[in-house]
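Structure first, then comments.
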Amino acid sequence: MAQEYRIVLANAGKIDPASLDDYLNAGGYKSLEKARAMAPKEVIELVRNSKLRGRGGAGFNAGMKWGFVPESAPVTYVVCNLDEGEPGTYKDRTIVENDPHLLLEGMAICAHAIRSKQGYIYCRGEYPYVVEHLNRAIAQAKQRGVLGDFDIEVRMGGGAYVCGEETALIESIEGHRGEPRFKPPFPGVAGLWGKPTVVNNVETFANLPAIIKNGAEWFASIGSPSYPGTKVFTLTGDVVNRRAFEVPTNTTIRELIFDLGGGIPNGKRFKAVQIGGTSGAFIPEHLLDTPLDFDSMRNAGVTLGTGAVFVMDETRDIVDVVTRIAKFFEHESCGKCNPCREGTFRSYELMKKINAGQATPDDVQKLTTLSKVMTKACLCGLGQAAPTPILTTLEHFRDDYQRRLLAAIS
Amino acid sequence: MDIGAVLAKYRDKPGGLIEAYHAIQKELNYIPREAVLEAARVFGVSEAQAYGVATFYSYLSVEKRGKYIIRMCESAPCHVAGADEVLKALEDTLGIKVGQTTPDGKFTLELTECVGQCQETPVITINSVPYPNMSPDKIASVLAQCT
């Protein structure tokens, strides 16, 4: 039976999140001390060797990302992505609410590695209470001097999903509309205010203190070899235990939903699970033995994403849910690039038509073509991933669409 | 509220425009037109840019709103958990539709995407405070807390 393995949630429920002393007594800020005794280059090397990969969804090697920052850069920034806008995701909130200093320590370790004096936490506007919680923790850390000359400021987002994309997030911190930039240059070379910037997710930073403490090999040996460590998953929808679980990355989807999640309530049967947020793939029963690591999921044609796990039982109407998701993307497209602005609009239009039982097979064909074009032609991850729920449900839940088409004929 | 004083406070902060808007909205529940025009001057951007920022973010509003802003999450996890029924109950109880404010200026009803409380769906927020596990029969007692 699958079990939890806690790295980033190790202190959760054990310490008072409002108490810096509690965090210090649990060994807090010792890893920062250790990192600061190392050369920045050594820290980057250690993180690279641990094979820690970004926990926000893109799965890029964190140490490699830090390595893009030029050593000679006089000003650099550390930015934490706490935008957490993927529906069904509440892991970053869970980590920060339980252990805010873990995030601050992780950011300070990164700051040492890239020689940064200034960090920003971009917290979504829907979490004003988390902003207050973090500001209290930062004030404590400053007063006690544990962060040294590294300063951290919290900036509040404005409820724009696209700001989870790192260059849109940077634009938003700069006080602009949160529209993604063209890449390259990547933020590691020219990011916030044109300076080299590392943007990592909360969960990525929160892994660092344990990696510095226990070493790269320790971390690399946990879970799946190509995407080692743990991952925090947040369960929602038709599942008994709707809460956050931290598990090794070789745990399978089935173990997460049925062992830890307690299965489907009310004696109903499983129908689908959408993993990784609202831009994630819909996964049918026959793929449930896929391990929850980035590469295994990708090889199965699905996504790991943020770690949202949205379970649907046999009574759920897939076409109706996907129509709602299409509405989400039509609303959240920032409008900068045509394939996304027009594509999300037309996708929603076609999904509404299918959902109303008024579509023809030709409409489904148009939707398929449009979806494929969007995955290639959109500027950022929002538009590229927006068609994933449509394409994966057309692949795995075709019967649900067929029923709507038959309704149109009769 | 002295809008000029709030803007002055954030003027020298890099990227402070959005922070200033948040501060204004925290007091007034929206960003009045004169605040957008004044912000353009203070931050040295065009009025179009200042307005563009104020209207890009769904959390910011340039329309006058009520004392209590009720937002119903319409993302997929809340949708399957019965968000539509909760929304209908809110509309019926308040006598307004989504996007409207009650005539006494007390309540504004809006839709929102995910508010990150998906462990207890469906969720509404009232002035950003989440009320999880909502159902039509709980609406009256939740609204009664708004005085």
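Observations on the model:
For (1) closer than 16 Å to A:Leu134 by Cβ; (2) away from chain B (no Cβ under 13 Å); (3) surrounded by fewer than 22 Cβ atoms within 10 Å (Cβ to Cβ), each residue gets a yes or a no:
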residue	(1), (2), (3)
A:Leu147	yes, yes, yes
A:Gly157	yes, no, no
A:Tyr161	no, no, no
A:Thr167	no, yes, no
A:Ile170	no, no, no
A:Pro184	no, yes, yes
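- Residue ID - surrounded by the fewest Cβ atoms within 10 Å (Cβ to Cβ), chosen from residues in segment A:1-23 that are of a type in the set (D, E, K, R) and either touching a residue at least 24 places away in the same chain (Cβ under 8 Å) or in contact with a Pro (Cβ under 6 Å, 6 or more places away or on another chain) (or both): A:Glu4
- Residues that are small (Gly, Ala, Ser) and part of a loop (DSSP other than H, G, I, E, B) within segment B:1-48 comprise B:Gly15, B:Gly44, B:Ser46, listed in sequence order.
Residue by residue, here is whether (1) within 20 Å of the chain's Cα centre (by Cα); (2) modelled with pLDDT of 95 or more; (3) not assigned by TED's automatic domain parsing to the domain that holds A:Tyr120 holds:
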position: A:Leu208; (1), (2), (3): yes, yes, no
position: A:Phe233; (1), (2), (3): yes, yes, yes
position: A:Gly237; (1), (2), (3): yes, yes, yes
position: A:Ile264; (1), (2), (3): no, yes, yes
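- Residue list for segment B:105-147, restricted to those being assigned to a loop (DSSP other than H, G, I, E, B), away from chain A (no Cβ under 14 Å) and in contact (Cβ under 8 Å) with a residue 24 or more places away in the chain: B:Gly105, B:Lys106, B:Met134, B:Ser135, B:Cys146
- Matching entry among A:Gly85, A:Gly57 (being in contact with a Gly (Cβ under 6 Å, 6 or more places away or on another chain), at pLDDT below 95 and more than 14 Å from chain B (Cβ to nearest Cβ)): A:Gly57
- Screening segment A:57-115 for helices (runs of 4 or more DSSP H) wholly inside it with 1 or more residues that are among the polar types (S, T, N, Q) and over 25 Å from A:Met297 (Cβ atoms) returns the ranges A:91-98.
- Taking segment A:336-350 as the range and being within 26 Å of the chain's Cα centre (by Cα) and either without any contact (Cβ under 8 Å) to a residue 60 or more places away in the chain or surrounded by 21 or more Cβ atoms within 10 Å (Cβ to Cβ) (or both) as the test, the residues that pass are A:Cys337, A:Asn338, A:Pro339, A:Cys340, A:Arg341, A:Glu342, A:Gly343, A:Thr344, A:Phe345, A:Ser347, A:Tyr348.
- Any hit, segment A:307-329, residues being under 20 Å from A:Glu165 (Cα atoms), modelled with pLDDT under 95 and either away from chain B (no Cβ under 14 Å) or part of a loop (DSSP other than H, G, I, E, B) (or both): yes
- Test: residue in segment A:286-304 that is within 21 Å of the chain's Cα centre (by Cα) and within 14 Å of another protein chain (Cβ to nearest Cβ): no
- Any hit, segment B:34-42, residues being within 29 Å of A:Ile325 (Cβ to Cβ) and more than 14 Å from every other protein chain (Cβ to nearest Cβ): no
The values are calculated or read from the model by the stated rules, or taken from the named source; none is laboratory data. What you see is a predicted model, and the numbers here were worked out from it, not measured in a lab. Reconstructed Cβ throughout: ideal geometry from the backbone, glycine too, with neighbour counts over all protein chains shown.
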